[in-house]
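The values are calculated or read from the model by the stated rules, or taken from the named source; none is laboratory data. All figures in this text were calculated on a predicted structure; none of them were measured in a lab. Please note: Cβ atoms are built from the backbone with ideal geometry, for glycine as well, and neighbour counts cover all protein chains shown.
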Amino acid sequence: MADKTIKIAYLYEDLMNTYGDSGDVKVIRYLLAKQGYQTEVDNISLDDSFDAKNYDFLFFGGGQDFEQTVVAKDLPRHKETIENYIKAGNPMLCICGGYQLMGDYYKTNSGITIKGLGILPLHTIFKADKRMIGDTRYMTEWGEVKAFENHSGQTYFDNTNMLHPFGEMIEGYGNNPQDKVEGLRYKNFIGSYSHGPLLRNTNVANAIVKMILERRKERTANEVESV
Ligand code: GLN
């Protein structure tokens with residue numbers, strides 16, 4: 001960890017990458033490069049071995065229901081390592097389908113229930129009347145975000161003491177049509193319905209880069225202490 005290479009894991013890049021989500025990883029790499037950091041991105045796909053603690057940043061993009069069912073079968077192998085990573089305060093960004101799979105389940109419009117990792121107390125359901133599609137605008141702790149959403153799942157938090165929204169809606173739906181909030185913030189985990197990609201909003205991208213570099217510094221300090 002002592003060198004300047006930042007390691008990024010892109011979970012299921014070949015299956016979970018709707019509406020330009022891979023652009024989020026490109027923006028993070030670009031901003032880190034500007035600060036003199038090299039980045040290495042591993043695409044973790046079906047059957048690959050993976051240990052989250054070897055990474056400085058995890059990214060999980062959006063996907064169609066079919067791809068989500070495929071990914072959901074492979075994903076439970078990684079539950080422990082991802083859960084420990086998130087709960088230790090390491091940075092992770094999940095978009096749309098990836099965000100849904102971090103919760104308990106996603107009940108789709110074809111009536112199937114896709115089991116999520118159950119790391120974060122939330123669930124997602126389809127309700128007959130609505131597909132949430134269009135431009136979104138919302139206010140986060142880092143300022144306003146403009147993006148695009150396209151999902152049929154409606155996400156609800158099951159533990160509002162633990163989970164906090166990522167933003168307050170100005171335009172569009174976000175998590176669901178009732179709550180007027182977008183996404184989730186838990187420690188250094190961000191879940192969001194925003195495509196476009198989300199990180200063309202450089203206020204959020206810079207905040208994530210800061211999290212990555214701060215966590216890297218803390219982890220390097222701990223490693224030196226324990227030698
Ligand atoms: N398939 C999910 C839904 O429709 C997620 C869509 C996405 O990731 N864009 O709700």
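Does K73 satisfy being surrounded by fewer than 13 Cβ atoms within 10 Å (Cβ to Cβ) and either polar (S, T, N, Q) or within 16 Å of the ligand (Cβ to nearest atom) (or both)?
It is true that K73 is surrounded by fewer than 13 Cβ atoms within 10 Å (Cβ to Cβ) and either polar (S, T, N, Q) or within 16 Å of the ligand (Cβ to nearest atom) (or both).
Are there any pairs with C-beta distances below 8 angstrom linking a residue in region 74-87 that is over 18 Å from K115 (Cα atoms) to a residue that is assigned to a helix (DSSP H, G or I), with the two at least 6 apart or on different chains, and if so which?
Qualifying pairs under 8 Å: N84/A52; N84/K53; Y85/A52; Y85/K53.
How about region 110-227: which strands (runs of 3 or more DSSP E) wholly inside it have at least 2 residues that are in contact with a strand residue (DSSP E or B) (Cβ under 6 Å, 6 or more places away or on another chain), more than 20 Å from E83 (Cα to Cα) and polar (S, T, N, Q)?
Per the criteria, 132-140.
I'd like to know if region 86-100 contains one or more residues that are within 25 Å of E149 (Cβ to Cβ), surrounded by fewer than 24 Cβ atoms within 10 Å (Cβ to Cβ) and either in contact with a Leu (Cβ under 8 Å, 6 or more places away or on another chain) or among the hydrophobic types (A, V, I, L, M, F, W, C) (or both).
Yes; the residues of region 86-100 include at least one that is within 25 Å of E149 (Cβ to Cβ), surrounded by fewer than 24 Cβ atoms within 10 Å (Cβ to Cβ) and either in contact with a Leu (Cβ under 8 Å, 6 or more places away or on another chain) or among the hydrophobic types (A, V, I, L, M, F, W, C) (or both).
Residue-by-condition table, conditions (1) within 26 Å of K210 (Cα to Cα); (2) aliphatic (A, V, I, L, M):
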{"site": "I44", "(1), (2)": "yes, yes"}
{"site": "E67", "(1), (2)": "no, no"}
{"site": "N84", "(1), (2)": "yes, no"}
{"site": "K87", "(1), (2)": "yes, no"}
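Please go through region 44-68 and give me each residue that is surrounded by 16 or more Cβ atoms within 10 Å (Cβ to Cβ) and touching a strand residue (DSSP E or B) at 6+ places or on another chain (Cβ under 7 Å), ordered by number.
If the condition is that a residue be surrounded by 16 or more Cβ atoms within 10 Å (Cβ to Cβ) and touching a strand residue (DSSP E or B) at 6+ places or on another chain (Cβ under 7 Å), then I44, F50, A52, Y55, D56, F57, L58, F59, F60, G61, G62, Q68 are the ones that fit.
For G143, are the conditions met, namely being within 16 Å of the ligand (Cβ to nearest atom) and either among the small types (G, A, S) or loosely packed, with under 14 Cβ neighbours inside 10 Å (or both)?
Spelling it out, it is not the case that G143 is within 16 Å of the ligand (Cβ to nearest atom) and either among the small types (G, A, S) or loosely packed, with under 14 Cβ neighbours inside 10 Å (or both).
Report yes if some residue within region 146-162 is more than 16 Å from the ligand (Cβ to nearest atom), within 28 Å of I6 (Cβ to Cβ) and either at pLDDT 95 or above or in contact with a helix residue (DSSP H, G or I) (Cβ under 7 Å, 6 or more places away or on another chain) (or both); otherwise report no.
yes
Give the number of residues within region 13-36 that are within 14 Å of F57 (Cβ to Cβ), touching a helix residue (DSSP H, G or I) at 6+ places or on another chain (Cβ under 6 Å) and within 16 Å of the ligand (Cβ to nearest atom).
The qualifying residues number 1.
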